[in-house]
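The structure appears below as structure tokens.
The values are calculated or read from the model by the stated rules, or taken from the named source; none is laboratory data. Keep in mind it's a predicted model, so treat the numbers as computed, not measured. Backbone-built Cβ (ideal geometry, glycine too); neighbour counts: all protein chains shown.
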Amino acid sequence: MFSEYQRQLREQFLGAPVMAPPDPWRAISKHRTPIGGLLGVGFGLDPVTGNDLLMVVSSAGHGVFDAMTGDRLARERDPDPDTSTPTGPDLSCLGIGPLVGAEVRIAGLFGGGLHSTNDDGWTVDVVSPDWPHHRIILSADGGLCRGPAGEKWWHIFYADYSELRAAGFSPSGRTLVVATSSDITLWASR
């Protein structure tokens with residue numbers, strides 16, 4: 001069954017309340033951004049500002065958000081059916097709006113993944129001590145999660161209402177997204 005260490009770790013995660021991440025992280029919005037039928041997400045760079053952009057693929061089309069502000073920059077309700085879902089070895093979709101012409105790798109229902117670490121030493125992990133629900137843990141200790149929550153690790157999201165699709169950093173490490181089948185939540189470092 002479970003070792004004593006595994007039981008303790010499970011209890012530690014179950015007992016940790018959802019909390020805001022520490023500085024330098026800030027929530028982009030006070031509320032989750034609803035996206036019905038979300039299939040996956042992927043990051044690109046704004047060719048003008050260099051900001052992280054988040055492409056969202058859903059059953060109702062594609063969207064692109066400025067990951068630093070949460071503003072929706074583009075929306076395509078009827079993408080080409082041949083390229084509307086992540087395909088190929090990179091699980092990518094064609095970008096829209098400021099990402100037009102780019103292949104954007106998408107993580108979510110079809111597979112793939114986002115960055116689990118950034119260059120500043122932050123780690124994001126998905127844990128499921130009460131599967132099928134998922135908890136997103138942000139840590140500054142390489143994912144060890146030692147000690148109480150709020151010191152070196154933070155329980156920042158609890159997906160108990162929708163299916164988790166993806167969680168991770170942008171390639172720049174400046175933004176962090178959690179995507180469920182019904183919404184996105186973004187954080188950015190200051």
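Has the range 154-165 got at least one residue that is in contact (Cβ under 8 Å) with a residue 12 or more places away in the chain, farther than 19 Å from S181 by Cα and not charged (D, E, K, R)? Within the range 154-165, one or more residues are in contact (Cβ under 8 Å) with a residue 12 or more places away in the chain, farther than 19 Å from S181 by Cα and not charged (D, E, K, R). Give me the pairs, please: first residue somewhere in the range 80-102 and without any contact (Cβ under 8 Å) to a residue 24 or more places away in the chain and among the small types (G, A, S), second residue anywhere and surrounded by 18 or more Cβ atoms within 10 Å (Cβ to Cβ) and not in a strand (DSSP E or B), beta-carbon distance under 9 Å, and either six or more positions apart or on two chains. Every condition considered, the pairs that remain are G101/G95. For the range 40-62: of the residues being over 14 Å from the mean Cα position of the chain (by Cα) and either touching a residue at least 40 places away in the same chain (Cβ under 8 Å) or within 30 Å of D141 (Cα to Cα) (or both), which is surrounded by the most Cβ atoms within 10 Å (Cβ to Cβ)? The qualifying residue surrounded by the most Cβ atoms within 10 Å (Cβ to Cβ) is N51. Quick check: is even one residue across the range 111-122 touching a residue at least 24 places away in the same chain (Cβ under 8 Å), surrounded by fewer than 20 Cβ atoms within 10 Å (Cβ to Cβ), under 20 Å from A159 (Cα atoms) and of a type in the set (D, E)? No, because not a single residue in the range 111-122 is touching a residue at least 24 places away in the same chain (Cβ under 8 Å), surrounded by fewer than 20 Cβ atoms within 10 Å (Cβ to Cβ), under 20 Å from A159 (Cα atoms) and of a type in the set (D, E). Can you find, within the range 5-39, the residue that is surrounded by the most Cβ atoms within 10 Å (Cβ to Cβ) among those that are basic (K, R) and touching a residue at least 60 places away in the same chain (Cβ under 8 Å)? Here the answer is R32. For the range 136-190, which fully contained strands (runs of 3 or more DSSP E) count at least 1 residues that are among the β-branched types (V, I, T)? Because the criterion is at least 1 residues that are among the β-branched types (V, I, T), the strands (runs of 3 or more DSSP E) in the range 136-190 that meet it are 153-159, 175-180, 183-189. Which residues, counting only those in the range 111-128, are part of a strand (DSSP E or B) and not hydroxyl-bearing (S, T, Y)? Matches in the range 111-128: G111, H115, V124, D125, V126, V127. Among P81, P21, which is the only one that is modelled with pLDDT of 95 or more, out of contact with any His (no Cβ under 9 Å at 6 or more places or on another chain) and more than 13 Å from E103 (Cα to Cα)? Being modelled with pLDDT of 95 or more, out of contact with any His (no Cβ under 9 Å at 6 or more places or on another chain) and more than 13 Å from E103 (Cα to Cα) holds for just one of P81, P21, which is P21. Those strands (runs of 3 or more DSSP E) of the range 1-110 in which at least 2 residues are under 25 Å from W153 (Cβ atoms) and not β-branched (V, I, T), considering only elements entirely within it, cover 25-27, 52-58.
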